[in-house]
Amino acid sequence: MIDPIRELARHGQSLWYDGLKRDLIRTGGLARLVEDGVRGLTTNPAIYEKAIAGTADYDADIAALGSRGLDAKAIYEALAIQDLRAAADLMRAVWDETDGRDGFASLEVSPLVALDTRATIEEGRRLWKALARPNVFIKVPGTPEGMPAIEALAAEGVNVNVTLLFSRAAYRQAAEAWMAGLEARARRGEALSRAASVASFFVSRIDTLVDRRLDEKARGAADPGERGRIEALRGKAGIANAKLAYQDFKELVASERWAALAARGARPQRVLFASTSVKDPRYPELLYVEALVGPETVDTVPPDTLEALRRGATVRDTLEDEIGLARAQLAALESLGISMDTVTDAVLEEGVRKFAEPFQQLLATIDARRAHLGAPTAH
């Protein structure tokens, strides 16, 4: 029987797991994932909030850290840094085996500073130093304010996972910011061969918004044929947008600018497809995973999607299939008055909020657990 995870690797795509929490490390779950071919992992505050609220795994540490007078954010960082270090150590064999291409664990800067360049740089720098591992990424949001932070951190040798990328324009800006950081290092005569970055391009969230707008237009269509044409575009925007972003990636790595960096040993910033679990139950579980397979890419999947993949998948190079159709689908959306620029602006704003709200809830949960455990409240 074909192993879909290893088959993805044979097609040049690394599968990463989105779901780090402490029991995954302690029970040997992460080690088993690595044995199964998973090549990296990511996490987020929402995952941590559920783990802290729903288990006792962190209680002893929360009590100990709280007794030292640390506030909720400092406690969270201490917990996350401990977990990320342990995860990076478990993934280190993958990092060594792939010569630094895979084997990464990612920790994001606070979503509360997503619109603050200076704070993002300072926090990214501090977390990188605290983690003290070569195979970690600092996740930086792909907001306008995040772009200078990407460049500054890359120039300092920090590995960057650019997150919350929805538009092709933002993807290119992120790629160019990272290249500018590498160029600064090159001018100082510093090595580029270990510099690592991924650009996390989100997929299903695009369809969630576009499909909602298509449904509204379909309800208002008087002609059944027109209604059918509108409904046929459901579930198409996210994949089309991602496929064209990959074409942008290919153009960038074919450029003279990139060639100059590659000559100094730099490695491409791979496109990472995020949000590849379906949000609409009418769609096949592996709709996005199967449609976006191609070389020099990463796909990060949550537990449910990984289990669906284990049950079987059709794995072949699909990322460059029907590029003309992808352009036509996005043009058809524009003709209906659904602007991809407007859509991606909206989902970015929503994405920042959906990262910030769980983070605030996480801090509230830590405060509640600390109080429950009898630790003093920080002042």
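Nothing in this text is a laboratory measurement; each read-out follows from the coordinates by a stated rule. Owing to the predicted nature of the structure, the values given are computational and were not obtained by experimental measurement. No Cβ is skipped: glycine too gets one built from the backbone with ideal geometry, and neighbour counts run over all protein chains shown.
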Q) Using alpha carbons only, how many degrees (0 to 90, rounded to 10) separate the axis of helix 204-219 from the longest principal axis of the chain? A) 40
Q. In the chain, what is the count of Lys pairs whose alpha carbons are under 24 Å apart, counting only pairs at least 8 residues apart or on separate chains?
A. 25
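Shape call for the range 1-82 from the C-alpha gyration tensor, a ≥ b ≥ c root eigenvalues: rounded (a/c under 1.5), prolate (a/b greater than b/c) or oblate? The partial results should precede the final answer.
On the way: a/c = 3.49, a/b = 2.69, b/c = 1.30.
Note, shape of the range 1-82 comes out prolate.
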**Q.** Dmax and Rg, reported as Rg then Dmax, of the chain (C-alpha, Å)
**A.** 21.0, 68
Q: With a 10 Å radius around each residue's Cβ, average the other Cβ atoms per peptide and rank 148-158, 107-117, highest first.
A: 148-158, 107-117
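Give, rounded to the nearest 20 debye, the magnitude of the charge dipole that the range 1-159 has about its Cα centre when Lys and Arg contribute +1 at Cβ and Asp and Glu contribute -1 at Cβ. Walk me through the numbers before you get to the answer.
Working: 19 positive and 25 negative charges, 34 e Å.
With Lys and Arg at +1 and Asp and Glu at -1, about 160 debye.
Can you give the net charge of the other residues whose Cβ lies under 14 Å from the Cβ of ALA64, counting K and R as +1 and D and E as -1?
Numbers: positive: ARG68, ARG369, ARG370; negative: ASP57, ASP59, ASP61.
So the surrounding residues net to 0.
For a test of the definition: using alpha carbon positions, the gyration tensor, and the 1.5 limit on a/c, classify the range 34-181 as rounded, prolate or oblate. Intermediate results must be reported in sequence, preceding the final value.
On the way: a/c = 1.88, a/b = 1.28, b/c = 1.47.
Note, shape of the range 34-181 comes out oblate.
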Q | Dipole of the range 262-379, positive end: most advanced residue of VAL293, GLN361, SER335 [Cβ charges, Cα centre] | A | GLN361
Q. Want the number for ASP71 to ALA368: 0.36 nm per residue separation, take away the alpha-carbon distance, what's left?
A. 105.7 nm
Q: Would you work out the charge dipole size for the chain about its Cα centre, treating the Cβ of every Lys and Arg as +1 and the Cβ of every Asp and Glu as -1, and quote it to the nearest 20 debye?
A: 480
Q | the chain: relative contact order as a whole-number percent, Cα under 8 Å and 6+ apart | A | 23
Q.
Relative contact order for the range 255-379: what percent, with Cα pairs under 8 Å and sequence separation of 6 or more?
A. 16
Q.
Give me, ordered by chain and number, the residues 5 or more places off ASN161 or on other chains with an amide H under 5 Å from its own placed amide H.
A. ILE138, LYS139, VAL140, VAL198
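Take the alpha carbon atoms of the range 128-202, find their radius of gyration, then divide it by 2.2 N^0.38 Å using N residues; give the quotient.
Numbers: Rg = 11.7 Å, N = 75, 2.2 N^0.38 = 11.3 Å.
Cα Rg divided by the expected 2.2 N^0.38 Å: 1.03.
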Q) If you take the square roots of the eigenvalues of the alpha-carbon gyration tensor of the range 224-277 and sort them as a ≥ b ≥ c, do you get rounded (a/c under 1.5), prolate (a/b over b/c) or oblate? A) oblate
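Per the helix-only calculation at 222 nm, which mean residue ellipticity applies to the chain, given -39500 (n - 2.57) for every DSSP H run of n ≥ 4 and division by its residues, nearest 500 deg cm²/dmol? Intermediate results must be reported in sequence, preceding the final value.
Details: 17 runs with 216 residues, N = 379.
Per the formula, -18000 deg cm²/dmol.
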Q. Taking K and R as +1 and D and E as -1, what net charge do the other residues with C-beta under 9 Å from the C-beta of MET179 add up to?
A. -2
(Q) Students often check this: by mean Cβ neighbours within 10 Å, which of 234-243, 63-72 ranks highest, and how do the rest follow? (A) 234-243, 63-72
Q: Please work out the Cα convex hull volume for the range 199-242 and give it in Å³ per residue.
A: 47
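Output the relative contact order of the range 146-300, whole-number percent, from Cα pairs under 8 angstrom with separation of 6+ residues. Numbers along the way, then the final one.
Working: 225 pairs, mean separation 41.0, N = 155.
So the answer I get is 26 percent.
I want the local charge near GLY238. Using Cβ-Cβ distances under 11 Å, sum +1 for each Lys or Arg and -1 for each Asp or Glu among the other residues.
On the way: positive: ARG205, ARG234, LYS236, LYS243, LYS279; negative: ASP207, ASP211, ASP280.
Net charge around GLY238: +2.
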